[in-house]
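The values are calculated or read from the model by the stated rules, or taken from the named source; none is laboratory data. Predicted, not measured: the structure shown is a model, and the values here were computed from it. Counting neighbours? That spans all protein chains shown, and the Cβs are built from the backbone with ideal geometry, glycine included. For accessibility, only protein heavy atoms count, side chains too; no ligands or nucleic acids. Shrake-Rupley method; radii C 1.70, N 1.55, O 1.52, S 1.80 Å.
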Amino acid sequence: MSHDYILQPFTPPVNLQIDYARELNEQQHAAVTAPPGPALVIAGAGSGKTRTLTYRVAYLLEQEVPADRILLLTFTNKAAGEMMRRVAELLGQPLPALWGGTFHSIGARILRTHAALLGYGRDFTILDRDDAKDLVKACLTTAGIDTKGKLFPKPDVLVEIFSLANNTHRSIAEIIDVQYGYFVEHTDKIAALAQDYTARKRATNAMDFDDLLALWLELLQEHAEVREHYQRRFQFILVDEYQDTNKLQSDLIDLLAGRHKNVMVVGDDAQSIYAWRGANFANILKFPERYPGAKTYKIETNYRSTPEILRLANAAIAANVNQFTKELAPARKSGLKPALVSCADAAQQAAFIAQRVGELHEEGVNLNGVAVLYRSHFHALELQLELTRRNIPFAITSGIRFFEQAHIKDVTAYLKFVVNPRDEISFKRLAQLLPGIAAKGAEKLFQSFGARLEAGGWKLEKPGSIAAKLQECAKSVPKKAAVGWAQFGATISQLEAEPTRKSAAKMIQLVIEAGYEDHLKATYDNFERRLEELEQLAVFAQPFPSVEEFLTQLALLTNVEAEDDKTADPDAERIRLSTIHQAKGLEFGVVFVIMLCDGLFPSGRSLDSTEGEEEERRLFYVAVTRAKDELYLSYPFMRGGFGGSGDTFQTPSRFLNEIPRELINEWNLKPAYG
């Protein structure tokens, strides 16, 4: 039998005497000292969830439960490290015997021990995202499928489809039907690729990240002796952020807890906001049904926010039907009422925030404690421009910076090239979007194109001149790219023509309609979000008097964003701009939540279903509960429409209408601010 099966009992240190009643509030104490059996802990925002889990581990150890009989599951390495650090600090010593870590790290640990049972060696390779993409490329090559220039999913999209099928326990056909309908005619080919991808992983002794969970579950389901061993071993299972678990993770927990039923899941159903990446809200909602007799503990005392902010938060989530009702109670003294700020347009909204941030700074508020939160990247475009103009420093923590995203750079490359045909970088970027043209081919084409420009004395005053020079290069284009090159030339010809050439917004719209939308579908798993961002980039471009001015401002914004946080002065003050998803788990002294209009927040797509609307309401709840001292909710009365439809009236977010007016101060800045 493997040495991994040998238990190493942990004896609590003699001086471990924790006064739980003194260290914890009444609700935390009840959860920490819960008797054996299934338990659901609903821990509200800012209520000390991590503290509760840490003390629960200490309590179990005091009850003489061996450390290696406890399994603590988290979602991120950071959370796992923080939890283990706090446990060690509380106990006065490190605890190597405790099984604590992310789902994936625990899965890898168990699979290393039992790999042979699944036909793997213990030295299996774990593929990262790029490795998985490369293996899928090999599968495409073997199948003779060329994805370039066709509406067939590229490797990135295929990896995502395979991942969703794994994590949600749905077939490839179901995933395509529900989320990728535009690939439905290729369903059989994609399913065959998934089978080949799985076979290649096994043949090369490799697992991807999803396999660390899927094969762990398979191991437990197919091998009774292994399942029984770990069911006996893990006498107590603790799960952090349970509202974010997917079907696969939920099944793993249920299987591991099958013997003792001593599973305590901790989370907040009101902060379940990741359905788009496979999280299953039903896991936490139906936990009491899956575990008859489970006890539910609510931790509702909030140590983060003022009473005024909490009253608004409680009202904000009240309309959700599918939830465990809770009432966040304040531990802090009274403060300012949240403000509801209605603005004439997005520019005025940006000006208000910039001015208010300046006032707060003069009042002594550190800018590092100020955050602007939004539903989507593009909601903050006008604000970034205004902050840049006023020299107010800001940092963006919304994942990949907006203007550095590939689809944004692709589309703006068209504009840059038309404005400046000598722009080598833009020319090569656009050329490589075509089938059959790689870096070397793009270099040769640019040399050919440049020679023709030079021969003509660089004069291209007439509309259509750039397209004509491109057509002259047609003989240098690989046969595979001939059709794409002709389409490229036609698009450039349209972009050169008046009045399109004078409007950045019209140019962006034309690029989307001329085939770039199909490129998005084939290339990105989040096609709809990227298309929406491009449409909103066009809206953002409308007020600029010329394409040149638009590109100048874009360059300035990109350079501001491109500052490397690692080299920046760590003591420098900067306000934080972030999507709400990225801000989950964080807190700030002052929070602005912007663009609260129906169709923007909540997003238009979410309103197609009750589940979608309720998740958006939970997202709003997460946003407002990030605020400690001051909260500002704002929306523009008017906003530019896509496709040259002009300014359109905005309907304030339905979430704002659900907040009793006595809970807010209304600031009406229409028709002018300042």
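I want the local charge near A58. Using Cβ-Cβ distances under 10 Å, sum +1 for each Lys or Arg and -1 for each Asp or Glu among the other residues.
Around A58, the charge tally is 0.
For region 149-263, what is the number of Lys pairs with C-alpha distance below 28 angstrom, counting only pairs 8 or more positions apart or on separate chains?
9
Which of the aspartates and glutamates could be linked to K295 by a straight reach, that is with a Cα gap under 15 Å, when you skip same-chain ones fewer than 8 residues away?
none
Taking square-rooted eigenvalues a ≥ b ≥ c of the alpha carbon gyration tensor, is region 273-370 rounded, prolate or oblate, where a/c under 1.5 means rounded and, failing that, a/b exceeding b/c means prolate? It would help to have the intermediate numbers written out before the result.
Values: a/c = 2.78, a/b = 1.88, b/c = 1.48.
Prolate.
Angle, helix 187-203 long axis vs. longest principal axis of the chain, Cα atoms, 0 to 90°, nearest 10?
Helix 187-203 and the main axis of the chain meet at about 60 degrees.
Determine the share of region 267-361's accessible area contributed by carbon and sulfur atoms, expressed in whole percent, with a 1.4 angstrom probe.
C and S fraction of accessible area: 54 percent.
As an exercise, use a Förster radius of 41 Å and the Cβ-Cβ distance of Q355 and I145 to find the FRET efficiency, rounded to the nearest 0.05.
In this case the efficiency is close to 0.15.
Treating cross-link reach as a plain straight distance, find the aspartates and glutamates whose alpha-carbon is under 17 Å from the alpha-carbon of K416, omitting any fewer than eight places away in the same chain.
Here the aspartates and glutamates satisfying the reach criterion relative to K416 are E404, E424, E461, E496, E498, E548, E549.
When you count, for each residue, the other Cβ atoms within 10 Å and take the mean per peptide, how do 577-586, 377-386 rank with the highest first?
Listed from highest to lowest mean packing, they are 377-386, 577-586.
Using the alpha-carbon atoms, what tilt in degrees (0 to 90, nearest 10) does helix 49-62 show relative to the longest principal axis of the chain?
The angle comes out near 30 degrees.
Quick one: if you stick a label point 7 Å off each Cα along the C-beta vector at E23 and N205, how many nm between them?
According to this spin-label approximation, the distance is 4.5 nm.
Using 0.36 nm per residue of separation minus the Cα-Cα distance, give me the extension gain between Q487 and S171 in nm, one decimal.
110.1 nm
By how many nm would the segment from R277 to E289 lengthen if fully extended, with 0.36 nm per residue of separation less the alpha-carbon distance?
1.9 nm
Lysines near K475 by alpha-carbon distance under 19 Å, same-chain residues fewer than 8 away left out - which ones?
Of all the lysines, those that pass the test against K475 - Cα under 19 Å, at least 8 places apart if same chain - are K428, K440, K444.
Would you mind checking region 466-504 for residues with the amide N under 14 Å from a putative spin-label position 7 Å along Cα→C-beta of L453?
Flagged as within label range: 466-471, 473.
Kindly express, to the nearest 10 degrees and within the range 0 to 90, the angle between helix 211-222's C-alpha long axis and the longest C-alpha principal axis of the chain.
40 degrees
Where a ≥ b ≥ c are the square roots of the eigenvalues of the C-alpha gyration tensor, would you call region 421-557 rounded, which needs a/c under 1.5, or, failing that, prolate if a/b is larger than b/c, or oblate?
oblate
Given the rule -39500 (n - 2.57) for each run of at least 4 DSSP H residues, summed and divided by the residues of the chain, what is its mean residue ellipticity at 222 nm, to the nearest 500 deg cm²/dmol? Working shown, then result.
On the way: 29 runs with 313 residues, N = 674.
Calculated mean residue ellipticity at 222 nm is -14000 deg cm²/dmol.
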